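*Asks:* Before I ask anything, let me first share the structure, which is written out below as structure tokens.
The values are calculated or read from the model by the stated rules, or taken from the named source; none is laboratory data. Being a predicted model, the structure only gives us computed values, none of them experimental. Using ideal geometry, Cβ is built from the backbone for each residue, glycine included, and neighbour counts are taken over all protein chains shown.
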Amino acid sequence: MFTKKGLIDIAANLTDPMYKGIYNGTKKHEPDLSNVLSRAWKQGLEKIIITGTSLEESKEAVEIAKTDERLFCTVGCHPTRCDEFNKSGHDKYLQALSDLCEAHKDKVVAVGECGLDYDRVQFCARETQLKYFEHQLQLVL
């Protein structure tokens, strides 16, 4: 029998500019992340895992997670952004992801968002996605 437990959001994209009030590059309102989180806590959400989708967004996810004991994050590179490995050198990029995980063990709870997204190969080729998915798996070993 299933026992009711608290709710955990496992893939919150809280690094999205909309939480800073920015939509399609245009400022529409004041940042409201604190209000969004306040409403989530009041509705019974117990924890949130913020999704890192690139090195820079993973850094931002860590910083947001550090603001509340109920916030955690992932560190990784989304398959559609895997070309970022090539831009800074894949060893350097992977090491930076690894260093971020190591430096924030108390907040980083998973590697991600990584995987394969073959429906959107216009952003990153299948071969590149597969190559860097395999590289990111090294972070969990």
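*Asks:* Are any of the residues in the stretch 24-41 within 30 Å of LYS92 (Cβ to Cβ) and either in contact with a Ser or Thr (Cβ under 7 Å, 6 or more places away or on another chain) or touching a residue at least 60 places away in the same chain (Cβ under 8 Å) (or both)?
*Replies:* Scanning the stretch 24-41 turns up no residue that is within 30 Å of LYS92 (Cβ to Cβ) and either in contact with a Ser or Thr (Cβ under 7 Å, 6 or more places away or on another chain) or touching a residue at least 60 places away in the same chain (Cβ under 8 Å) (or both).
*Asks:* Can you tell me which residue within the stretch 1-21, out of those that are over 17 Å from the mean Cα position of the chain (by Cα) and either modelled with pLDDT of 95 or more or in a loop (DSSP other than H, G, I, E, B) (or both), is nearest to LYS107 (Cα to Cα)?
*Replies:* Quick first cut of the stretch 1-21, residues over 17 Å from the mean Cα position of the chain (by Cα) only: 1-7, 21.
With the extra rule that they be either modelled with pLDDT of 95 or more or in a loop (DSSP other than H, G, I, E, B) (or both), the set shrinks to 1-6, 21.
On the way: MET1: 31, PHE2: 28, THR3: 27, LYS4: 25, LYS5: 21, GLY6: 19, GLY21: 25 Å.
So, considering only residues that are over 17 Å from the mean Cα position of the chain (by Cα) and either modelled with pLDDT of 95 or more or in a loop (DSSP other than H, G, I, E, B) (or both), the one nearest to LYS107 (Cα to Cα) is GLY6.
*Asks:* Can you find, within the stretch 86-128, the residue that is surrounded by the fewest Cβ atoms within 10 Å (Cβ to Cβ) among those that are basic (Lys, Arg) and either touching a Gly at 6+ places or on another chain (Cβ under 6 Å) or closer than 15 Å to THR74 by Cβ (or both)? Write out each step before concluding.
*Replies:* Step one: list which residues in the stretch 86-128 are basic (Lys, Arg), which gives 87, 92, 105, 107, 120, 126.
Narrowing further to those that are either touching a Gly at 6+ places or on another chain (Cβ under 6 Å) or closer than 15 Å to THR74 by Cβ (or both): 105, 107.
On the way: LYS105: 8, LYS107: 21.
The qualifying residue surrounded by the fewest Cβ atoms within 10 Å (Cβ to Cβ) is LYS105.
One line per residue, one yes/no per condition, for (1) under 12 Å from the mean Cα position of the chain (by Cα); (2) in a helix (DSSP H, G or I); (3) more than 30 Å from TRP41 (Cβ to Cβ); (4) not hydroxyl-bearing (Ser, Thr, Tyr):
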| position | (1), (2), (3), (4) |
| --- | --- |
| GLU69 | no, no, no, yes |
| PHE72 | yes, no, no, yes |
| CYS77 | yes, no, no, yes |
| THR80 | no, yes, yes, no |
| GLU84 | no, yes, yes, yes |
| GLU102 | no, yes, no, yes |
| ASP106 | no, no, no, yes |
| VAL109 | yes, no, no, yes |
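*Asks:* Let me ask another. If the requirement is being closer than 18 Å to ILE10 by Cα, touching a residue at least 40 places away in the same chain (Cβ under 8 Å) and charged (D, E, K, R), which of these qualifies: GLU69, GLU60? It would help to see each step written out before you state the result.
*Replies:* Details: GLU69 fails: touching a residue at least 40 places away in the same chain (Cβ under 8 Å).
Only one candidate passes the filter, namely GLU60.
*Asks:* Give just the number: which of (1) exposed (fewer than 11 other Cβ atoms within 10 Å of the Cβ); (2) part of a helix (DSSP H, G or I); (3) not aromatic (Phe, Trp, Tyr) does LYS131 not satisfy?
*Replies:* (1)
*Asks:* So, one more: Could you tell me whether the stretch 63-73 includes any residue that is in contact with a His (Cβ under 7 Å, 6 or more places away or on another chain) and either under 30 Å from TYR132 (Cα atoms) or surrounded by fewer than 19 Cβ atoms within 10 Å (Cβ to Cβ) (or both)? So that I can check it myself, show each step before the final result.
*Replies:* At the first step, the residues of the stretch 63-73 found to be in contact with a His (Cβ under 7 Å, 6 or more places away or on another chain) are none.
No, there is no match, as no residue in the stretch 63-73 is in contact with a His (Cβ under 7 Å, 6 or more places away or on another chain) and either under 30 Å from TYR132 (Cα atoms) or surrounded by fewer than 19 Cβ atoms within 10 Å (Cβ to Cβ) (or both).
*Asks:* Also, I was wondering about something else. Need the failing condition index for GLY115 against (1) more than 12 Å from the chain's Cα centre (by Cα); (2) part of a helix (DSSP H, G or I), just the number.
*Replies:* Result: GLY115 passes all but (2).
*Asks:* For the stretch 21-70, give me each residue that is within 16 Å of GLY6 (Cα to Cα) and in contact with a Pro (Cβ under 8 Å, 6 or more places away or on another chain).
*Replies:* Listed by number, the list is empty, since nothing qualifies.
*Asks:* Of the numbered conditions (1) on the phi > 0 side of the Ramachandran plot; (2) in contact with a strand residue (DSSP E or B) (Cβ under 8 Å, 6 or more places away or on another chain), LYS107 satisfies every one except a single condition; which is it?
*Replies:* Tallying (1) on the phi > 0 side of the Ramachandran plot; (2) in contact with a strand residue (DSSP E or B) (Cβ under 8 Å, 6 or more places away or on another chain), LYS107 fails exactly one: (1).
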